[in-house]
Amino acid sequence: MPKPSLSKDEVKAMLLQVADRIIEAEPMLSEADRNLGDGDHGLGMARGMNAVKEKLAGEVESIEKAFANTGMAMMSSMGGASGAIFGTLWRNGGKALAGRDTFDAQGLADLIKAGLEGVMTRGGAKPGDKTMIDALHPASVKAQEVVSLPLNEAIIAVAAAAADGKEASKAMIATMGRAKTLGEQSIGHPDAGACSVVVIFDTMRDYICA
Ligand code: ADP
Ligand code: MG
């Protein structure tokens, strides 16, 4: 049944599904990073998501903690740029949901906005630099537009915006991270972190709409 909002236990179940789908996507994410970077993105994300599965194994205290603990587990288990970047996304996004006892379309918009701000502050990249921000920023803009919809409708629009952003990243020239040394040779490939963002939102959509 499509879910117009989620309880804390459903948020936990959704995050565990995200972890499994990222782990399954490891070869695709590593291949994307091989084209532009050092080829370790999938392995790093999979390591982080195994830590998330351990961290979320017990009772979750709140919606805030389910997301924030996901971020903390990634930060403490992953190396590379993406441990800090994806850890900050979930941790800062989760903190924005303090005190909420349901996760709805407003919560989705607040999660993404706070996560995006955290990532931009921490990493210094902006839209157009060919990073995961190029999938996350359009998702954030769309999420703000659909706050009054049921969560199951909002997440469809948000996941589509992230996928469009990833596609658009193909045409960009990398100016941040390892790929910046490639210059114009980075054109034609999507950013690896943007591919991870798409897996994350697609899995959230599939859980919320199932
Ligand atoms: P590393 O670059 O250390 O090998 P990963 O391969 O795990 O780390 O992750 C690379 C991804 O991290 C890139 O595809 C990009 O999306 C993201 N990234 C790198 N630097 C930044 C940054 N400053 N801001 C946002 N995202 C970044
Ligand atoms: Mg890498």
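Name the single residue, out of those in the range 1-38 being part of a helix (DSSP H, G or I) and among the acidic types (Asp, Glu), that is farthest from residue 67 (Cα to Cα). Even if it seems obvious, please write down each step before you answer.
Of the range 1-38, the ones part of a helix (DSSP H, G or I) are 8-24, 26-36.
Right, trim to among the acidic types (Asp, Glu) and you get 9-10, 20, 24, 26, 31, 33.
Numbers: 9: 12, 10: 12, 20: 16, 24: 21, 26: 21, 31: 27, 33: 25 Å.
Per the stated criteria, the residue is 31.
Those residues that are hydrophobic (A, V, I, L, M, F, W, C) and open to solvent by 10 Å² or more (accessible area, probe 1.4 Å), I need them from the range 142-164; list them, please. Talk me through it step by step, then tell me what you get.
Of the residues in the range 142-164, the ones hydrophobic (A, V, I, L, M, F, W, C) are 143, 146-147, 149, 151, 154-163.
Result: 146, 147, 149, 156, 157, 160, 161, 163.
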Quick check, is residue 196 in contact with a Phe, Trp or Tyr (Cβ under 8 Å, 6 or more places away or on another chain), within 22 Å of residue 40 (Cα to Cα) and within 16 Å of ligand 1 (Cβ to nearest atom)? yes
Is there a residue being within 11 Å of ligand 1 (Cβ to nearest atom) and either of a type in the set (Asp, Glu) or touching a residue at least 60 places away in the same chain (Cβ under 8 Å) (or both) anywhere in the range 95-106? no
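For the range 117-141, which residues satisfy the criterion of being open to solvent by 20 Å² or more (accessible area, probe 1.4 Å) and either assigned to a helix (DSSP H, G or I) or among the β-branched types (Val, Ile, Thr) (or both)?
The initial filter retains those residues of the range 117-141 that are open to solvent by 20 Å² or more (accessible area, probe 1.4 Å), namely 117, 120-124, 126-128, 131, 137-138, 141.
Within the range 117-141, 117, 120, 121, 122, 123, 131, 137, 138, 141 meet the criteria.
Sort through 62, 77, 82 and tell me the only one that's farther than 30 Å from residue 185 by Cβ, within 16 Å of ligand 1 (Cβ to nearest atom), open to solvent by 10 Å² or more (accessible area, probe 1.4 Å) and among the hydroxyl-bearing types (Ser, Thr, Tyr). Quick ask: steps written out before the conclusion?
Working: 62 fails: within 16 Å of ligand 1 (Cβ to nearest atom); 82 fails: farther than 30 Å from residue 185 by Cβ.
Among 62, 77, 82, only 77 is farther than 30 Å from residue 185 by Cβ, within 16 Å of ligand 1 (Cβ to nearest atom), open to solvent by 10 Å² or more (accessible area, probe 1.4 Å) and among the hydroxyl-bearing types (Ser, Thr, Tyr).
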Among the residues of the range 140-159, is any under 25 Å from residue 63 (Cβ atoms), at pLDDT 95 or above and within 13 Å of ligand 1 (Cβ to nearest atom)? no
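Select from the range 29-59 the residues that are small (Gly, Ala, Ser) and away from ligand 2 (no atom under 16 Å from the Cβ) and write down the one among them that is most open to solvent (accessible area, probe 1.4 Å). Walk me through it before giving the result.
Step one: filter the range 29-59 for residues small (Gly, Ala, Ser), giving 30, 32, 37, 39, 42, 44, 46, 48, 51, 57-58.
Narrowing further to those that are away from ligand 2 (no atom under 16 Å from the Cβ): 51, 57-58.
Working: 51: 25, 57: 74, 58: 44 Å².
Step by step, filter the range 29-59, then rank; the result is 57.
Going through 196, 148, 169 one at a time, which residue ends up being at negative phi, without any contact (Cβ under 8 Å) to a residue 40 or more places away in the chain and hydroxyl-bearing (Ser, Thr, Tyr)? I'd like the intermediate steps shown before the answer.
Details: 196 fails: without any contact (Cβ under 8 Å) to a residue 40 or more places away in the chain; 148 fails: without any contact (Cβ under 8 Å) to a residue 40 or more places away in the chain.
When all the criteria are applied, what remains is 169.
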Candidate set: the range 179-196, residues that are open to solvent by less than 10 Å² (accessible area, probe 1.4 Å) and among the hydrophobic types (A, V, I, L, M, F, W, C); chosen: the one farthest from the chain's Cα centre (by Cα): 192
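The values are calculated or read from the model by the stated rules, or taken from the named source; none is laboratory data. As the structure is a computational prediction, the values presented were derived from the model and not from experiment. Positions of Cβ are generated from backbone atoms using ideal geometry, with glycine treated the same way; all protein chains shown enter the neighbour counts. Calculation scope for accessible area: heavy atoms of the full protein, side chains included, ligands and nucleic acids excluded. Shrake-Rupley method; radii C 1.70, N 1.55, O 1.52, S 1.80 Å.
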